[in-house]
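Undergrad: The structure under discussion is supplied below as structure tokens; questions concerning it will follow.
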2 protein chains.
Amino acid sequence: MESSSARSGGSTRREATRQKLYEAAVTLIAEQGFSATTVDEIAERAGVAKGTVYYNFASKSVLFEELLRHGVGLLTASLKEAAEQTARAGGSKVDALDAMVRAGLVFIDRYPAFTQLYVAELWRTNRAWQSTLMVVRQEAVAVVEGVLREGVAAGEFSDEIDVQLTAAALVGMVLVAALDWKSFQPERSLDDVHAALSRLLQGRVSGRV
Amino acid sequence: MESSSARSGGSTRREATRQKLYEAAVTLIAEQGFSATTVDEIAERAGVAKGTVYYNFASKSVLFEELLRHGVGLLTASLKEAAEQTARAGGSKVDALDAMVRAGLVFIDRYPAFTQLYVAELWRTNRAWQSTLMVVRQEAVAVVEGVLREGVAAGEFSDEIDVQLTAAALVGMVLVAALDWKSFQPERSLDDVHAALSRLLQGRVSGRV
DNA sequence: CTTTTTGCACTGACTGGTCAGTGTAAAAAT
DNA sequence: ATTTTTACACTGACCAGTCAGTGCAAAAAG
């Protein structure tokens with residue numbers, strides 16, 4: 001057999017179709033929400049027939065779940081990378097946090113629709129993909145929590161901070177600021193936005209430095 | 001005019017029905033999203049007939065829009081109140097910011113479902129109530145921006161801060177931290193959460209106390 | 001070489017159910 | 001007397017998921 005090996009070693013036809021469906025689904029769902037987006041729309045935007053969607057995914061919500069997993073996987077990898085690179089370069093934990101803020105901004109800059117969709121679905125309850133979302137959220141937040149904990153252990157951060165809440169707040173800060181940036185002042189540069197958040201992160205807002 | 005029968009303070013029967021419908025709609029839509037929530041469900045949860053929904057609101061989306069306006073109105077009032085009270089008591093602008101953080105937390109503590117729903121809809125595009133949402137968002141964020149600007153003018157905050165971005169980031173910080181609190185550690189007290197955010201706000205995370 | 005078979009990826013008309021919104025007549029509340 | 005609510009049957013658009021069938025290329029058979 002070995003049928004698919006006739007084509008290029010990398011991407012099968014199926015793989016390419018799935019990718020097109022992901023891309024179509026992510027923007028439509030970000031704009032309209034999951035329930036308001038029809039499978040017909042997704043198929044049309046992807047340039048395939050409706051049947052193809054069901055040939056590649058068991059259902060509309062399975063498509064969505066795999067989309068979520070895929071996207072948050074990218075984000076988590078990017079955050080880890082940022083933290084590790086800072087560590088390798090001998091940077092402090094604040095530097096690591098700062099690098100992660102930037103990594104987050106880069107991610108959102110690249111995948112704004114995914115970010116939108118993620119935020120919109122994260123705190124919903126009673127939805128089929130709720131558990132998937134929780135797992136996947138925890139992976140991302142855990143990276144930030146890890147850096148905070150190491151910082152506390154190393155005496156760089158006050159041991160009175162609440163790691164879990166602070167991590168959530170930091171994530172929220174970046175998320176909301178970035179979505180605002182993309183929605184309302186898209187002409188601003190990433191460096192600009194990064195600088196504003198750095199200032200806030202390092203407490204250089206009050207007190208004139 | 002039929003003002004003869006109007007009670008001052010105005011709890012007509014109609015008003016009460018509307019309120020019941022708001023309350024039913026807000027939790028259902030927070031859980032499931034707008035499109036996945038049916039008018040029949042809303043009516044049932046509110047304990048009224050379906051016809052009553054349409055007697056009181058022109059359509060499902062009009063009901064939702066008025067819900068949004070109503071909710072954000074409450075939040076904005078609460079933030080303003082916090083800022084003004086601090087000013088009257090002769091507090092600094094950091095104190096005002098801190099009071100607003102607390103007001104935000106109190107609001108979210110009281111109306112978690114509304115907050116959920118608001119976050120989920122805020123960055124959507126192409127939706128009927130998009131413009132309503134923008135107006136209403138700006139009102140709330142403007143309160144924070146106002147305090148920041150006054151702080152800069154008074155020399156309390158660095159004049160290098162980006163008011164708009166910083167305001168968005170602060171709102172995001174509180175929003176996400178609070179939703180996390182409600183979703184994952186609801187047993188924590190409001191004071192606890194407030195303390196964690198205050199620390200972050202005042203840059204007392206890095207550097208020993 | 002040629003014909004036939006097999007398996008994969010995809011197609012799009014169709015089905016059965018769902019749901020926003022309507023119409024109406026009668027009851028309840030003010 | 002008027003406003004508000006109820007109960008319930010109904011409509012028509014819309015949509016997730018299905019299924020019989022198409023196109024194609026590689027292998028197997030002749």
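Undergrad: What are the nm distances, shortest first, from A:His70 to its equivalents in the other copies, labels at 7 Å along Cα→Cβ?
TA: 4.1
Undergrad: Once you list every other residue whose beta carbon is under 10 Å from the beta carbon of A:Val193, what net charge do they have if Lys and Arg are +1 and Asp and Glu are -1?
TA: Neighbour charge sum, excluding A:Val193 itself: -2.
Undergrad: Mind checking which of B:Ser189, B:Leu105, B:Leu74 is farthest towards the positive end of the range B:61-201's charge dipole, using Cβ charges of +1 (Lys, Arg) and -1 (Asp, Glu) about the Cα centre?
TA: With unit charges placed on the Cβ atoms, the residue in question is B:Leu74.
Undergrad: For peptide B:121-130, how many partner chain Cβ atoms fall within 10 Å of a residue's Cβ, on average?
TA: Partner-chain Cβ atoms within 10 Å, mean over residues of B:121-130: 5.
Undergrad: Also: Give me the net charge of A:Asn126's neighbourhood, meaning all other residues with Cβ under 14 Å from the Cβ of A:Asn126; Lys, Arg count +1, Asp, Glu -1.
TA: On the way: positive: A:Arg124, A:Arg127, B:Arg45; negative: A:Glu121, B:Glu31, B:Glu41.
After counting each charged neighbour, the total is 0.
Undergrad: Please state the relative contact order of the range A:12-57 as a whole percent: Cα pairs under 8 Å, 6+ residues apart?
TA: 38
Undergrad: To the nearest 20 debye, what charge dipole does the range A:1-145 have about its Cα centre, counting +1 at the Cβ of each Lys and Arg and -1 at the Cβ of each Asp and Glu?
TA: Dipole magnitude for the range A:1-145 comes out near 240 debye.
Undergrad: So what is the calculated 222 nm ellipticity per residue for the protein assembly as shown, using -39500 (n - 2.57) for each DSSP H run with n of 4 or more, over all residues, to the nearest 500 deg cm²/dmol?
TA: -24000 deg cm²/dmol
Undergrad: Let me ask another. What's the local net charge at A:Gly47, with K and R +1, D and E -1, over the other residues with C-beta under 14 Å away?
TA: Residues close to A:Gly47 contribute a combined charge of +1.
Undergrad: Give me the dipole magnitude in Debye, nearest 20, for the range A:64-201 about the Cα centre, with unit charges on the beta carbon: positive for Lys and Arg, negative for Asp and Glu.
TA: I would put it at about 340 debye.
Undergrad: If you average the sequence gap of Cα pairs under 8 Å that are 6 or more apart and divide by the length of chain A, what percent do you get for the contact order?
TA: Over chain A, the number comes to 20 percent.
Undergrad: A further question on this structure: Measuring label to label, 7 Å along Cα→Cβ, what does B:Arg188 give against each other copy in nm, shortest first?
TA: Distances between equivalent label points, in nm: 2.6.
Undergrad: Quick one: with label points 7 Å out along Cα→Cβ, list the inter-copy distances for A:Arg45 in nm, shortest first?
TA: Once sorted, the set of distances for A:Arg45 reads 2.7 nm.
Undergrad: Hey, another quick one. Classify the range B:61-201 as rounded, prolate or oblate, taking a ≥ b ≥ c as the square roots of the eigenvalues of its Cα gyration tensor: rounded when a/c is under 1.5, otherwise prolate if a/b is larger than b/c and oblate if not.
TA: Since a/c reaches 1.5 but b/c is at least a/b, the shape of the range B:61-201 is classed as oblate.
Undergrad: For the range A:32-41, in order, what is each residue's ³J(HN,Hα) by Karplus, 6.51 cos²θ - 1.76 cosθ + 1.60 with θ = phi - 60°, in whole Hz (x at glycine and Pro)?
TA: 10, x, 5, 5, 7, 9, 9, 5, 4, 4
Undergrad: For the rotation that superimposes chain B on chain A, which residue of B has the C-beta lying nearest to the axis, and at what distance in Å?
TA: Closest Cβ to the B-to-A rotation axis, residue and whole-Å distance: B:Gly203, 1.
Read-outs: derived from the displayed coordinates by stated rules, not from any lab. Just so it is clear, the structure is predicted and the values come from calculations on it, not from any experiment. All Cβ positions, glycine included, derive from the backbone under ideal geometry; neighbour counts span all protein chains shown.
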